[in-house]
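The values are calculated or read from the model by the stated rules, or taken from the named source; none is laboratory data. Note that this is a predicted model, so its numbers are computed, not measured. Neighbour counts are summed over all protein chains in view; Cβ atoms, including those assigned to glycine, are modelled from backbone coordinates with ideal geometry.
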């Protein structure tokens, strides 16, 4: 099945979805989908009997700065039953890039979406755990964006140990004993 | 009579722990010995390899990708080369394909040996580790023979291989292939019917087929749970369809099933290696004949002006890759392994994204251990075979 037939099968499942088949240099089927309906389209791709894309192999993003729309979110899907592969792509604008999560369809998307948020700053609405994944939680900026510098120097952040007098220390120990009892 | 107190205890396991295979931190909530919740914290080894790759020329990315999943270096570079070659629209010679298959399968055995050794040690069978590392040494010697580097040979290049096979390669591989089946029986004697090992692993860390697929667990973990998916069979590459081998699948989905699947996979890999080795001629083409991509042989560089110019251009500017994107997966030791590569028509990649099977395995850890005993966490982490370099990249 090539892009056009998959797109046709998808249109049968979601009649008014504006999906657009595309060509790729590696012969992989590619479909562009609108960002607003991604969760619905994802569910249809997983559940439609002639598609059955049950395996989310990869979820990532590409930054095409300075082009607009700037980002593309890419879902690499595999249908093990039908032996199909598909790249589902969503274009997103440079300002306020966000789309809804697909964790309800493929639970594996949880960490993959967190990684995209962490490295590209693309927000996933309705994500169950929208935290950074790889970078420290207090990190500034999104490293894989093209306008993020390759080498930056950050002062090491250190925290002073809590300073208490001997008196306060005894009181704390005493208080802890009372609460634990 | 005073009321019995019951409260949960939060325990930090890692980031420095001998059985976490790198730097993985788990925050466990315990009720006695039972695990109520588990929260992995990753990112300690994040080195921004994908960002670094965008600054390098295409051929220079290969050493980087080999260091991501440091136990399956040659599978990583193979997947990267296949994606870029697809973008370039080139086909490597038949002999190169066979050598790549042979090296990828030896890499799989290598990776599984490290897994078996460390996993055995963690559940109390220390001798297995010594046995496995003894045979792994032979594989590292083969790497040293072909490239002079034992862990990260960078032998696979875009367009073929770095150089031709050295003298003695066939003998070294043949010696390993003859020796290994007996040794594999030895490992199985130590574990497969060992009552202590069975107690530690059977029914532990179980995951169902549906959950495995929903959490994108393919590779040995998925196949141990019944997900019958192997890239070599489902979407053959490099001519795997002409090889005779089976894909072991089990349905139990526990730690023991993963052990059985991986041991059976090593036997199948041996079969592929034998078939490939018989078809590889000692000398012949080792790269495509394209002066833009393959550097000229050294003796011509020293004697011919044209060759010198070509050599200089390849090493100073690299080659350009037509704009586009490609994703050609291979079956690595941990499951589908691929590189989503985007090119903008210059001599450097626009984006390189590695599909990290270990990241997904790490994510699924929670589903395997919650409700089990704390001692089983060690067995389960061992069985999913995570490489933290691949998780964090």
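Tabulated data for the structure shown
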read-out: Residue check, residue B:22 surrounded by fewer than 17 Cβ atoms within 10 Å (Cβ to Cβ) and more than 14 Å from the chain's Cα centre (by Cα); value: no
read-out: Wholly enclosed strands (runs of 3 or more DSSP E) of segment A:34-112 bearing at least 3 residues within 14 Å of chain B (Cβ to nearest Cβ); value: A:55-63, A:71-79, A:84-92
read-out: Residue list for segment B:214-226, filter: surrounded by fewer than 24 Cβ atoms within 10 Å (Cβ to Cβ) and either at the interface with another protein chain (Cβ under 7 Å from one of its Cβ atoms) or in a helix (DSSP H, G or I) (or both); value: B:214
read-out: Members of segment B:144-164 found to be modelled with pLDDT of 90 or more and more than 20 Å from the chain's Cα centre (by Cα), listed by number; value: B:145
read-out: Residues that are more than 10 Å from chain B (Cβ to nearest Cβ), within 25 Å of residue B:365 (Cβ to Cβ) and buried (at least 18 other Cβ atoms within 10 Å of the Cβ), drawn from segment A:121-165; value: A:124
read-out: Residue within segment A:6-25 that is surrounded by 17 or more Cβ atoms within 10 Å (Cβ to Cβ), within 14 Å of chain B (Cβ to nearest Cβ) and without any contact (Cβ under 8 Å) to a residue 60 or more places away in the chain present; value: no
read-out: 1 or more residues within 30 Å of residue A:63 (Cβ to Cβ): qualifying helices (runs of 4 or more DSSP H) within segment B:50-153; value: B:61-66, B:73-88
read-out: Residues being within 11 Å of another protein chain (Cβ to nearest Cβ) and out of contact with any strand residue (DSSP E or B) (no Cβ under 7 Å at 6 or more places or on another chain) - total across segment B:326-347; value: 2
read-out: Output for segment B:302-325, where each listed residue is at negative phi and either within 14 Å of another protein chain (Cβ to nearest Cβ) or surrounded by 14 or more Cβ atoms within 10 Å (Cβ to Cβ) (or both); value: B:307, B:308, B:310, B:311, B:313, B:314, B:319, B:320, B:321, B:322, B:323, B:325
read-out: Any chance residue A:116 is crowded, with 22+ Cβ neighbours inside 10 Å, within 14 Å of chain B (Cβ to nearest Cβ), part of a loop (DSSP other than H, G, I, E, B) and touching a residue at least 40 places away in the same chain (Cβ under 8 Å); value: no
read-out: Out of B:390, B:299, sole residue that is more than 10 Å from chain A (Cβ to nearest Cβ), out of contact with any helix residue (DSSP H, G or I) (no Cβ under 8 Å at 6 or more places or on another chain) and either without any contact (Cβ under 8 Å) to a residue 40 or more places away in the chain or not in a loop (DSSP other than H, G, I, E, B) (or both); value: B:299
read-out: Residue B:367, sole failed condition from (1) modelled with pLDDT of 90 or more; (2) surrounded by fewer than 23 Cβ atoms within 10 Å (Cβ to Cβ); (3) within 14 Å of another protein chain (Cβ to nearest Cβ); value: (1)
read-out: For residue B:45: the one exception among (1) surrounded by fewer than 24 Cβ atoms within 10 Å (Cβ to Cβ); (2) part of a helix (DSSP H, G or I); value: (2)
